[in-house]
Amino acid sequence: MSIEITEILDRLHACEAGLEVHRGYLKAMEYALRVSFLTHQDPNALLDTWTRLLPSIASTHANDEGPLFVAAFQQSLTILTEQIGLDRDAP
């Protein structure tokens with residue numbers, strides 16, 4: 001293998017490792033948010049506040065990055081909204 005190919009492979013492996021680390025951070029944050037939703041003192045206020053802020057959050061980042069970022073961001077907002085809304089009926 002040439003030096004250039006080896007360097008490219010090393011960079012690729014470093015990028016993959018970085019992505020894996022960030023996936024771990026995001027997964028931990030997902031669980032922390034879920035616990036926050038489940039234990040919120042006023043689930044109705046949480047949902048109402050989130051619902052009011054959501055359009056502004058979505059439009060602020062609508063064109064920040066490429067299409068993959070936007071799709072993932074929108075999907076994440078949808079999932080968060082569903083989780084907050086589901087917790088509204090929790091005991």
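Before moving on, here are some points about what is shown:
- 0 to 90° range, to nearest 10: angle between helix 67-87 axis and the chain longest Cα axis: 30 degrees
- Between helix 3-39 and the chain: long-axis angle, C-alpha atoms, 0 to 90°, nearest 10: 10 degrees
- Label sites at D42 and I3, each approximated as a point 7 angstrom past Cα along Cα to Cβ, lie 6.5 nm apart.
- Charge tally around C15: other residues with Cβ under 15 Å, Lys/Arg +1 each, Asp/Glu -1 each, net -2.
None of the figures in this text is laboratory data; all of them are computed from the coordinates on show. In this text, all values refer to a predicted model and were calculated from it rather than measured experimentally. Positions of Cβ are backbone-derived with ideal geometry, glycine not excepted, and every protein chain shown enters the neighbour counts.
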